[in-house]
Amino acid sequence: MNSNKAAKEKKEHLVITTDLKLLPIEVTYNYIVPEGKIFKYKKIKIEKTIKLYFEYDLYLDILLDIKKYKRRKHLYFTTSTYARYSNIPNDWYCYEGIIGAYSDKKENCTIIKELV
């Protein structure tokens, strides 16, 4: 196996995130769907845009949890996975992750809730 193909086949630590201050891009019968971004853990450069699917109850819980942090500049849901980047689907169903509030500087993060 040549080295280029081996590099494409290995699993990587990928981060999946969405900005909770933006409106969802879609609402289905069972899900609220915001736009998600994927990047490689060591390279913070957006690699791919996907749809993140949250069940209604989970998304409403998230909205209640972030309500008192609305004045923060950034509110994100973040999760991660170890996978082959090429195998990440365009639709990602979210059940676990971290909700964080950030000021202007990314270092000042307040973890609002951890979903498990």
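The values are calculated or read from the model by the stated rules, or taken from the named source; none is laboratory data. What you are looking at is a predicted structure, and each value in this text was computed from that prediction instead of being measured. Backbone-built Cβ (ideal geometry, glycine too); neighbour counts: all protein chains shown. Just the protein is used for accessible areas: all its heavy atoms, side chains included, with ligands, DNA and RNA removed. Shrake-Rupley method; radii C 1.70, N 1.55, O 1.52, S 1.80 Å.
Inside the range 88-102, can you point out the residues that are under 16 Å from Phe39 (Cβ atoms), of a type in the set (A, V, I, L, M) and at pLDDT 90 or above?
Result: Ile98, single match.
Specify the residue that is farthest from Asn108 (Cα to Cα); the eligible residues are those in the range 71-83 that are of a type in the set (Lys, Arg) and surrounded by fewer than 13 Cβ atoms within 10 Å (Cβ to Cβ).
Within the range 71-83, the subset of a type in the set (Lys, Arg) is 71-73.
From what is left, the residues that are surrounded by fewer than 13 Cβ atoms within 10 Å (Cβ to Cβ) are 71, 73.
Details: Arg71: 14, Lys73: 11 Å.
Checking each candidate, the answer is Arg71.
Select the strands (runs of 3 or more DSSP E) contained entirely in the range 16-70, then report the ones holding at least 3 residues which are without any contact (Cβ under 8 Å) to a residue 60 or more places away in the chain, touching a strand residue (DSSP E or B) at 6+ places or on another chain (Cβ under 6 Å) and open to solvent by 50 Å² or more (accessible area, probe 1.4 Å). Spell out the reasoning first.
Numbers: elements: 31-33, 35-40, 43-55.
In the range 16-70, 43-55 are the strands (runs of 3 or more DSSP E) which contain 3 or more residues that are without any contact (Cβ under 8 Å) to a residue 60 or more places away in the chain, touching a strand residue (DSSP E or B) at 6+ places or on another chain (Cβ under 6 Å) and open to solvent by 50 Å² or more (accessible area, probe 1.4 Å).
So that you can scan it fast, the table gives a plain yes or no per residue for (1) touching a Pro at 6+ places or on another chain (Cβ under 9 Å); (2) modelled with pLDDT of 90 or more:
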{"residue": "Asn2", "(1), (2)": "no, no"}
{"residue": "Leu22", "(1), (2)": "yes, yes"}
{"residue": "Val27", "(1), (2)": "no, yes"}
{"residue": "Asn30", "(1), (2)": "no, yes"}
{"residue": "Glu35", "(1), (2)": "yes, yes"}
{"residue": "Lys51", "(1), (2)": "yes, yes"}
{"residue": "Leu63", "(1), (2)": "no, yes"}
{"residue": "Arg72", "(1), (2)": "no, no"}
{"residue": "Thr78", "(1), (2)": "no, yes"}
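Pick out the one residue from Ser86, Ser103 that is surrounded by fewer than 12 Cβ atoms within 10 Å (Cβ to Cβ) and not aliphatic (A, V, I, L, M). Before the answer, list the steps.
Numbers: Ser103 fails: surrounded by fewer than 12 Cβ atoms within 10 Å (Cβ to Cβ).
Exactly one residue qualifies, and that residue is Ser86.
Kindly provide the set of residues from the range 86-116 that are closer than 18 Å to Lys11 by Cβ and more than 15 Å from the chain's Cα centre (by Cα), ordered by number.
Residues satisfying the conditions are Ser86, Asn87.
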